[in-house]
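The values are calculated or read from the model by the stated rules, or taken from the named source; none is laboratory data. Note that this is a predicted model, so its numbers are computed, not measured. With ideal geometry, Cβ positions are generated from the backbone for all residues, glycine too; neighbour counts draw on all protein chains shown. Accessible surface is based on the protein model in full, side chains and every heavy atom, while ligands, DNA and RNA are left aside. Shrake-Rupley method; radii C 1.70, N 1.55, O 1.52, S 1.80 Å.
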Amino acid sequence: QNYPNPFNPSTTINFSVPAADVVRICVYDVLGKEVSVIAEGHFMPGIYSADWNANLFSSGTYFCVMRCGSHMLYRKMILMK
């Protein structure tokens, strides 16, 4: 999950990778449009964090989607300006 949530204008997303794999973390708006890619690449096992600066985006609900191998994880984030 990201923190803080709600946030303004940036938030930190913590994630862990259990085994070496390709990871892609992106943010979608409520219409399902991809608005940002936060992290993408091959990650070794471990705990990581990535920051998302939403200064250019409007207030509202966004969804963070993490794909790692065949697993997907969704989290709701609220941007309040």
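Does the range 13-28 contain any residue that is more than 20 Å from Ser70 (Cβ to Cβ), modelled with pLDDT under 95, within 9 Å of the chain's Cα centre (by Cα) and β-branched (Val, Ile, Thr)?
Yes: one or more hits.
All but one of (1) part of a strand (DSSP E or B); (2) polar (S, T, N, Q); (3) open to solvent by 50 Å² or more (accessible area, probe 1.4 Å) hold for Asn5; which doesn't?
Here Asn5 clears every test but (1).
If you take the residues in the range 40-59 that are free of Cβ contacts under 8 Å to residues at least 24 places away in the same chain and in a strand (DSSP E or B), which one is farthest from the chain's Cα centre (by Cα)?
Result: His42.
Within the range 30-59, track down each residue that is within 15 Å of Ala20 (Cα to Cα) and open to solvent by 50 Å² or more (accessible area, probe 1.4 Å).
Glu40, His42, Met44, Pro45, Ile47, Tyr48
In the list Tyr74, Tyr62, which residue meets the criterion of being open to solvent by less than 70 Å² (accessible area, probe 1.4 Å) and either free of Cβ contacts under 8 Å to residues at least 60 places away in the same chain or in contact with a Gly (Cβ under 9 Å, 6 or more places away or on another chain) (or both)?
Just a single option satisfies the conditions, and that option is Tyr62.
Of a type in the set (A, V, I, L, M, F, W, C) and in contact with a Cys (Cβ under 6 Å, 6 or more places away or on another chain), is that true of Val23?
Taking the combined requirement at face value, the residue satisfies it.
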